[in-house]
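S.K.: To start, I am sharing the structure in question, which I have written as structure tokens.
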Amino acid sequence: MSLQPFDLFDVRSLLTEEERAVQDAVARFTDERVIPIIGDAFDQARFPKELIPEIAEMGLLGSSLPEKYGCAGLNAVSYGLICQELERGDSGIRSFVSVQSSLCMYPIYAYGSEEQRQRWLPDMAAGKVIGCFGLTEPHGGSDPANMKTHARRDGDDWVINGSKMWITNGNLADIAIVWAQTDEGIQGFIVEKGTPGFSVGRSLKKMGWWASDTAELFFQDCRVPAENLLGPENTGFFTIMANFQAERLSLAIMAYMTAQLALEQCLAYVKERTTFGKPICEHQAIQLKLGEMAARVEASKLLIESAANAYDKGERCDMEAGMAKYFATETGAYCAQEGMRIFGGYSYSVEYEIERFYRDAMLMCIGEGTNEMQRIIIAKQLVARNRI
């Protein structure tokens, strides 16, 4: 079944001419380059590295960062449209772009020195240097303040010991943005591949996101020069929290597109499938599912728009991004699961993509802070802002 861009309501009229051009260009790339080859990537459980030069040439890496660093200088809405259209092709492609852009390039831009920006960002925008984000650890991922990886100062260097888990782009990466506890707090480091004591472990097999490169990272007396320190000493916790705004917004957009696609496929299927002498779209039980799915998809879109507008204005949007991430990812999982029920036995066949949506959607409720954590963040922000 061919997948086309789908919106419950027409929102293109609300976009600027530049934003529409971005969406159209990425939609064509997804249709012409991603969708035709992604099946082989699934079967081989590999990331299609051959697409990286084209992705870079289109300006999709670090797209919202300034042009002086070789980036496109687009706004958050355009970045959201990029993620949305890439997600329509594959979660792994979308995650590669968003991890490179918002988890690796953005902290270098926002918290790094000008020397670090000039050294890394142009090559990262050109796809010549790939990054990964080393935060999650084997014992847990939603409590960065309790990480076990440790860094100690030794003369002009820092020595890192520990490990990281579920690292997107782990095998592909030339550099890792690594977070570690120091004696005074949390600190970020830029660690280059080939640094003695830094190694990449096994590629991790997953339920979904088969075309996404996921690996372990290990640090054993890994010596990093002080100039690779990211931001002022011991301010890393606040850097991590601020950085999560963009990535949670990206994940919300990703889940929103998954929910849209699940709904789209269900709408096509219920018109074709007949039981008891009529299309199943005429059965009330199916109509109840479709109505709930459509309402959740539209509500997710509005939450994402609210968070994106705040982010574009440079405002802290922990609560808005948390709401968007929580609701949109739950919606993606809900629509995928209901889609499985609507398709019945066919949903368990790879002939229909609804099974892939189900596998891919479940991770979104966990990644970038579990949805249980998102609700806690929302509640704390409500109290802090005197909303309750």
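The values are calculated or read from the model by the stated rules, or taken from the named source; none is laboratory data. A quick note: this is a predicted structure, and the numbers were derived from the prediction, not measured. Note: ideal-geometry Cβ built from the backbone for every residue, glycine included; neighbour counts use all protein chains shown. Note: areas computed on protein heavy atoms with side chains; ligands, DNA, RNA excluded. Shrake-Rupley method; radii C 1.70, N 1.55, O 1.52, S 1.80 Å.
S.K.: Give the residue, chosen from Ile240, Ile177, that is modelled with pLDDT under 90, open to solvent by less than 10 Å² (accessible area, probe 1.4 Å) and of a type in the set (Val, Ile, Thr).
M.R.: When all the criteria are applied, what remains is Ile240.
S.K.: Can you name the number of the only condition in (1) of a type outside the set (Lys, Arg); (2) modelled with pLDDT under 95; (3) in contact with a Gly (Cβ under 6 Å, 6 or more places away or on another chain) that Cys266 fails?
M.R.: (2)
S.K.: Related question: Please verify whether Leu61 is surrounded by 17 or more Cβ atoms within 10 Å (Cβ to Cβ) and modelled with pLDDT of 95 or more, treating the condition exactly as stated.
M.R.: Considered against the rule, which asks whether it is surrounded by 17 or more Cβ atoms within 10 Å (Cβ to Cβ) and modelled with pLDDT of 95 or more, Leu61 comes out as yes.
S.K.: Working only within region 334-363, note down all residues that are within 24 Å of Ala299 (Cα to Cα) and small (Gly, Ala, Ser).
M.R.: Residues satisfying the conditions are Ala336, Gly339, Ala361.
S.K.: Does at least one position in region 111-132 carry a residue that is in a strand (DSSP E or B) and either among the small types (Gly, Ala, Ser) or out of contact with any Phe, Trp or Tyr (no Cβ under 8 Å at 6 or more places or on another chain) (or both)?
M.R.: yes
S.K.: Could you please find all residues in region 107-128 being within 19 Å of the chain's Cα centre (by Cα), within 20 Å of Lys193 (Cβ to Cβ) and surrounded by fewer than 22 Cβ atoms within 10 Å (Cβ to Cβ)?
M.R.: Matches in region 107-128: Gly127 only.
S.K.: I'm told Met323 meets every condition in (1) open to solvent by 40 Å² or more (accessible area, probe 1.4 Å); (2) of a type outside the set (D, E, K, R); (3) modelled with pLDDT under 95; (4) assigned to a helix (DSSP H, G or I) except one. Can you identify the failing condition by its number?
M.R.: (3)
S.K.: Can you tell me how many residues in region 54-71 are more than 15 Å from Leu86 (Cβ to Cβ) and among the hydrophobic types (A, V, I, L, M, F, W, C)?
M.R.: Qualifying residue count, region 54-71: 2.
S.K.: Any idea which residue in region 342-379 is most open to solvent (accessible area, probe 1.4 Å), counting only those that are assigned to a helix (DSSP H, G or I) and more than 20 Å from Ala328 (Cα to Cα)?
M.R.: Within region 342-379, the match that is most open to solvent (accessible area, probe 1.4 Å) is Tyr348.
S.K.: Taking the condition modelled with pLDDT of 90 or more and of a type in the set (A, V, I, L, M, F, W, C), does Val97 pass?
M.R.: yes
S.K.: With respect to the numbered conditions (1) within 18 Å of the chain's Cα centre (by Cα); (2) of a type outside the set (D, E, K, R); (3) on the phi > 0 side of the Ramachandran plot, which one is the sole condition not fulfilled by Gly73?
M.R.: (1)
S.K.: Next question, about the same structure. Only residues that are touching a helix residue (DSSP H, G or I) at 6+ places or on another chain (Cβ under 8 Å) and β-branched (Val, Ile, Thr): list them for region 156-199, please.
M.R.: Thr168, Ile175, Ile177, Ile186, Ile190, Val191
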